[in-house]
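In what follows, a structure is listed as structure tokens, so that the remarks can point back to it.
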Amino acid sequence: MRPQKILFVDDEREVTDALMREVRLLCREEQLQPVTASSASEALSYLQEEGNDVAVLISDLKMPGLKGGDFLRVVADRWPDTIPLVLTGNADLDNVQDFLDAGVQSFLTKPWDRDRLALEIRRALKVHDEKRRQKDHRAFVESELARVRKFQDKLLHGQFPHDYRLGIDLHVSSNEDFKFGGDFVDIKRIDDDRLLLVLADVAGHSLDARYVVGLIQAILESDLQPWLDCTKFTPADFAEWFNQKLCSYKPGGDRLFVALMAIEFDLGNHQIRWVNAGQPPFVIEAQAGSGPAFVTAKTKQYPLGVYEKSRYSQEELPFLPGSRLVLLTDSLHPEGLSLLDYDADSYVATVNSCLKMGLDAAETAACLCRDLGLQGRSNDMSLILIEHRRDGTC
């Protein structure tokens, strides 16, 4: 590991020599390497080569060439981890705020006091170390976010089971401030005629929330099939089983909850059965192209992952060939799971209009954001359009 350095900048050689003598013992104790520069330009040349290792800089203000204040602003801009101290006469401090804005930690007057000099250097080292820790933590968080984003992209753009009777169009959008979303979408096959759609949204944007997205995927991949092998599937039983799993495994207690829509597509009997645990209502166009025959499934129940003994009831509706269904996550939720408020009737009317016009998932999402005034204000949203195809045709 390369040693940290303390850089003294003064055009008077006797000043830098005296400073080097004063800090000799302190540098041994703090494992600092002292170096000197006789001008701002010489200091900048040194920083260009070694700036990442310079923890503390002590500079005079009145030097030939680049003024001390301008020099410190360059240092603050290019080497923000370096902590500058100013060595000056009282008469030099006409614009103290300018120096504070440049990141100056403290001011030392000539002639300096040895104890005060050591105290200020040690304080500057503590600030430098804290900045480095924060920088390392930010780098770690950014790497974790990038890793989780890559993982989540695979989840959201994976291959759904193919069934010629269903047309599935998925649109996913996320706020770039978060680098990833809290949504999870997957479709699992139950048997030849039945499929399960799982649409989940984890509350929050912490790393814990991202962990829960991965946990949902892990449960479905490793535990769902063994559970299906030993039970008669219903969406209600699935929601209760899934809730118990999440309560057992997930972090965050009741800080983190999962809004869930679980829909069973029974294509042999032309029905859907579902449990809605906190997601927005979905809309079905009962007979595509035959007019405003729409059904809005509004019933909601308690989200998952909060109370292990939560119980869920399911509902069902016909889903005939030619019907289409639109559902989405809570970015456009009217009842508090999102920070956004909107008129629920307007939301349903917009979805109905999009179905009439035959818009795809991305176009429907854009219409919702436009008509409800949400451009640039929604966080993350997944919107799915599912068509029960007539005789397997598009």
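The values are calculated or read from the model by the stated rules, or taken from the named source; none is laboratory data. All of these numbers come straight from a predicted model, not from anything done at the bench. In this analysis, Cβ positions are derived from the backbone assuming ideal geometry, glycine residues included, and neighbour counts consider all displayed protein chains. Surface accessibility is based on the protein's heavy atoms, side chains included, excluding ligands, DNA and RNA. Shrake-Rupley method; radii C 1.70, N 1.55, O 1.52, S 1.80 Å.
If a residue has to be free of Cβ contacts under 8 Å to residues at least 24 places away in the same chain and assigned to a helix (DSSP H, G or I) to count, how many in segment 104-128 make the cut?
Count: 5.
Residue 11: in contact with a Lys or Arg (Cβ under 9 Å, 6 or more places away or on another chain) and either assigned to a helix (DSSP H, G or I) or surrounded by fewer than 18 Cβ atoms within 10 Å (Cβ to Cβ) (or both), yes or no?
Values: in contact with a Lys or Arg (Cβ under 9 Å, 6 or more places away or on another chain): yes; either assigned to a helix (DSSP H, G or I) or surrounded by fewer than 18 Cβ atoms within 10 Å (Cβ to Cβ) (or both): yes.
It is true that residue 11 is in contact with a Lys or Arg (Cβ under 9 Å, 6 or more places away or on another chain) and either assigned to a helix (DSSP H, G or I) or surrounded by fewer than 18 Cβ atoms within 10 Å (Cβ to Cβ) (or both).
Scanning segment 345-360 for residues that are without any contact (Cβ under 8 Å) to a residue 60 or more places away in the chain and assigned to a helix (DSSP H, G or I) yields 345, 346, 349, 350, 353, 354, 357.
Looking only at segment 26-72, residues that are farther than 15 Å from residue 82 by Cβ and not in a helix (DSSP H, G or I) come to 12 in all.
Within segment 357-383, the set of residues being at pLDDT 85 or above and open to solvent by 20 Å² or more (accessible area, probe 1.4 Å) comprises 357, 358, 359, 360, 362, 363, 366. For residue 323, are the conditions met, namely being surrounded by 15 or more Cβ atoms within 10 Å (Cβ to Cβ), over 24 Å from residue 362 (Cα atoms) and at pLDDT 85 or above? So residue 323 does not fit the description; no. Just one residue in the set 61, 108, 100, 87 is of a type in the set (A, V, I, L, M), modelled with pLDDT of 65 or more, open to solvent by 60 Å² or more (accessible area, probe 1.4 Å) and more than 30 Å from residue 211 (Cα to Cα); that residue is 100.
Being more than 15 Å from residue 125 (Cα to Cα), among the aliphatic types (A, V, I, L, M) and more than 44 Å from the chain's Cα centre (by Cα) is the filter here; which residues of segment 5-60 pass it? If the condition is that a residue be more than 15 Å from residue 125 (Cα to Cα), among the aliphatic types (A, V, I, L, M) and more than 44 Å from the chain's Cα centre (by Cα), then 15, 18, 19, 20, 25 are the ones that fit.
Does residue 44 satisfy being at pLDDT 90 or above, among the aliphatic types (A, V, I, L, M) and either touching a strand residue (DSSP E or B) at 6+ places or on another chain (Cβ under 6 Å) or surrounded by fewer than 13 Cβ atoms within 10 Å (Cβ to Cβ) (or both)? So residue 44 fails the test. Just so you know, in segment 264-278 the residues that are out of contact with any Pro (no Cβ under 7 Å at 6 or more places or on another chain) and of a type in the set (A, V, I, L, M, F, W, C) include one that is surrounded by the fewest Cβ atoms within 10 Å (Cβ to Cβ), and it is 267.
Restricting attention to segment 23-37, which residues are of a type outside the set (Lys, Arg) and open to solvent by 60 Å² or more (accessible area, probe 1.4 Å)? Result: 25, 29, 30, 31, 33, 36. Kindly indicate the residue of segment 334-348 that is surrounded by 14 or more Cβ atoms within 10 Å (Cβ to Cβ) and small (Gly, Ala, Ser) and also modelled with the lowest pLDDT among those meeting that condition. Among those residues, the one meeting the criterion is 338. Put simply, of 220, 195 the only residue that is part of a helix (DSSP H, G or I), over 21 Å from residue 300 (Cβ atoms) and either among the hydroxyl-bearing types (Ser, Thr, Tyr) or at pLDDT 85 or above (or both) is 220.
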